[in-house]
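What follows is one structure encoded as C-alpha cells, with my remarks underneath.
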Amino acid sequence: MRLLTPCFGLLLAFTMGPALAPVTASAQEYSYSSPKADFTVEFPSSAWRKVGEPDDVHQHTEFIYGDRNDGYLRIRKEVLEDGVSLKDFALRDQDQRTRFLPGFVDGKQDPFNGRLDGYTASYEFTQAGKAMAGRTYYLQGDPHTVYVLRFTGLRPKLSAIRNQTDSIARSLKAK
C-alpha cells in the first residue's frame, strides 16, 4: 500500500498539472506601453485591463481591475512648476481634486520609492452610499514632470490589492 502512495502522487501531478496551467497563466504580469502615452508600466495581474487612452480631449490613461469598483486607475502626466516641491504639488492636488468628495477622510501621506521616487496620499470617501478608498501616487519623472497614479475602489477591495498598487507604481518608467 505504501508503494502505491508515491505513484499516486506522481500520477495526480501529471493529470492535474495541465488543468492548473491556465490558472497560473492568467495571473501573469504584463506591460503597458503606447505611442499615445510617454510611460511604460507593468501590471502584476492580467485582471488589470485598459479602458481609456489619451486623446485630444482626455490626457490620461485608465485601467480597471476586474470591475471598476474593485479597482480603478487613472494615470496622468502633470507639469511641476519651478519652485514647487513634489510634496507641495501633492497637497495642492489633494485640495483641488479629492477634499471635496462626499464623506472625505484624509489618510496617511508617505514618501514612496520605486523606479521614480515620490509621495503617496491615502484617503477615504463615499460614492453612492458605498465606502470607497483612494490612494494617489505622485512620482517625479524629472524636475518639471510628475506622474499622478490615482487608484480608487471599494474600501475592502482596494486594500486587498494594495500590494498590486504599490507594484504598479514602482514599475512606472518614463519613456
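Bear in mind that the values in this text are calculations on the coordinates, not laboratory data. Source: prediction; values computed, not measured. Heads up, the Cβs are rebuilt from the backbone with ideal geometry, glycines too, and the neighbour counts pull from every protein chain shown.
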Listed peptides 137-145, 92-100 by packing density, highest first (mean Cβ within 10 Å) | 137-145, 92-100
Where nothing but the Cβ of Lys and Arg (+1) and of Asp and Glu (-1) is charged, how large is the charge dipole of the stretch 27-174 around its Cα centre, in debye to the nearest 20?
-> 500
Over all Cα pairs of the stretch 27-174, how is the pair count split among 10 Å bins, expressed in % and running from 0 up to the last occupied bin?
-> 11, 43, 38, 8, 0
Based on the mean of other Cβ atoms within 10 Å per residue, sort peptides 120-127, 102-109 so the most packed one is first.
-> 120-127, 102-109
Name the residue farthest towards the positive end of the dipole of the stretch 27-174 from the options Ala133, Leu80, Ala90, assuming +1 on Cβ of Lys and Arg, -1 on Cβ of Asp and Glu, about the Cα centre.
-> Ala133
Ordering of 41-50, 154-163 by burial proxy (mean other Cβ atoms within 10 Å per residue, highest first) | 41-50, 154-163
